[in-house]
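Report on the following structure.
The values are calculated or read from the model by the stated rules, or taken from the named source; none is laboratory data. Worth saying up front: this structure is predicted, and the values here are computed from it rather than measured. Using ideal geometry, Cβ is built from the backbone for each residue, glycine included, and neighbour counts are taken over all protein chains shown. The accessibility values were calculated without ligands, DNA or RNA, using every heavy atom of the protein model including side chains. Shrake-Rupley method; radii C 1.70, N 1.55, O 1.52, S 1.80 Å.
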Amino acid sequence: MRLISMSYGVKNIANQDDWEVRNLRLNDANLIVGKNAAGKSRTVQLIASFAKMISQQVSSLHFGNWDMLFETEEGKRLNYILKIKENNVLEEEIIINGEELLVRGKITKI
């Protein structure tokens, strides 16, 4: 399975400005280019943090709103949506090829 796109956003972190990555598309090999302090290293660190969280290699969760799109070797698309605040999962969704397999914590209107 490989990561093909990601979005991430967080608001009001440690008295800093809001920060987000929107619709970052990834291929087999990627080159991230930008000005100093544009968020290149932070973006790579986010991908590493996400990998550590889902493989349970960390004791605390990296807060923020995650939207990760993966593609399996069979060509299936897996969308993983995760919202975390103060080390608590507020929402979690797993969608494979448009079919919701897991919806947790999401407020839905009836």
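Test I96 against the criterion of being within 20 Å of L3 (Cβ to Cβ), at pLDDT below 95 and β-branched (V, I, T), and give yes or no.
Judged against the criteria, I96 is not a match.
Quick one: L69 ticks every box in (1) more than 20 Å from I4 (Cβ to Cβ); (2) of a type outside the set (S, T, Y); (3) at pLDDT 90 or above bar one, so which box is it?
(1)
Can you tell me which residues in the stretch 13-27 are assigned to a loop (DSSP other than H, G, I, E, B), open to solvent by 80 Å² or more (accessible area, probe 1.4 Å) and at pLDDT below 90?
Within the stretch 13-27, A14, N15, Q16, D17, D18 meet the criteria.
Name the pairs whose Cβ atoms lie under 6 Å apart, with the first residue in the stretch 25-52 and of a type in the set (K, R), the second open to solvent by 60 Å² or more (accessible area, probe 1.4 Å), and 6 or more positions between them or separate chains?
K40/I32; K52/V58
Those residues that are without any contact (Cβ under 8 Å) to a residue 24 or more places away in the chain and in contact with a helix residue (DSSP H, G or I) (Cβ under 9 Å, 6 or more places away or on another chain), I need them from the stretch 54-79; list them, please.
Hits for the stretch 54-79 are Q57, V58, H62.
Look at V44 and say whether it is within 10 Å of the chain's Cα centre (by Cα), of a type in the set (V, I, T) and surrounded by 12 or more Cβ atoms within 10 Å (Cβ to Cβ).
So V44 does not fit the description; no.
Here are E71, E93, E86: which of them is open to solvent by 100 Å² or more (accessible area, probe 1.4 Å) and of a type outside the set (K, R)?
Exactly one residue qualifies, and that residue is E86.
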